[in-house]
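Data first, discussion second: the structure below is written as structure tokens.
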Amino acid sequence: MKFAVAIAFTLLVCVFAQEEEEPVTCGGKQCKPNSCCVQNSHGKGKDSPRCHPLGKLNNPCEVEPNENGIYSQHCPCGEGLSCTKVGEPNKLRCQEESGKSDKSKESQGSDESEESEGSKESSG
């Protein structure tokens with residue numbers, strides 16, 4: 001029984017892994033990796049869906065697509081960034097994920113202190 005459950009779980013994981021790797025289909029075309037499908041629904045008439053790159057630092061962004069997997073104006077953020085409310089009137093923008101920038105600053109600070117200690121030892 002445990003063996004059957006383990007096999008079923010493994011198959012389920014494989015199915016989900018395959019779904020994530022499939023490229024996004026947008027307006028009859030497949031989008032490249034690190035892109036999403038956007039269809040501007042504002043203004044006169046609807047634009048046809050188009051592939052857009054994922055958001056970069058400070059780019060406008062969206063968090064959730066519609067029921068068809070299409071975003072209304074902007075892609076979500078790329079890797080290492082999160083879609084965060086910024087400024088007035090709380091527009092969503094891609095920002096560094098919290099903790100990442102702090103960690104990099106901390107590691108830079110520790111490197112600098114090690115270097116300065118090393119230079120003191122060599123001069124003394």
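Read the figures in this text as sums done on the coordinates, not as results from a lab. All of these numbers come straight from a predicted model, not from anything done at the bench. Reconstructed Cβ throughout: ideal geometry from the backbone, glycine too, with neighbour counts over all protein chains shown.
Okay, here's what the table says:
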quantity	calculated
Per-residue ³J(HN,Hα) for the stretch 60-68, Karplus 6.51 cos²θ - 1.76 cosθ + 1.60, θ = phi - 60°, Hz, x for Gly and Pro	x, 8, 10, 9, 10, x, 6, 5, 9
Label-point gap, in nm, between Asp47 and Lys85 - each point 7 angstrom along Cα→Cβ	2.6
Relative contact order for the stretch 22-96, counting Cα pairs under 8 Å that sit 6 or more residues apart, in percent	26
Evaluated over the stretch 22-96, the Cα radius of gyration and Dmax, each in Å	12.5, 37
Under the Karplus curve 6.51 cos²θ - 1.76 cosθ + 1.60, θ = phi - 60°, whole-Hz ³J(HN,Hα) for the stretch 74-91, x wherever Gly or Pro sits	9, 6, x, 7, x, 4, x, 10, 10, 7, 10, 5, 10, x, 9, x, 6, 6
Amide H partners (placed H, <5 Å) of Leu54, local residues excluded	Ser35, Cys36
Gain upon complete extension [Asn66, Asn40; 0.36 nm per residue less C-alpha separation]	8.2 nm
Within the stretch 22-96, percent of DSSP bridges classed antiparallel, to nearest 5	85
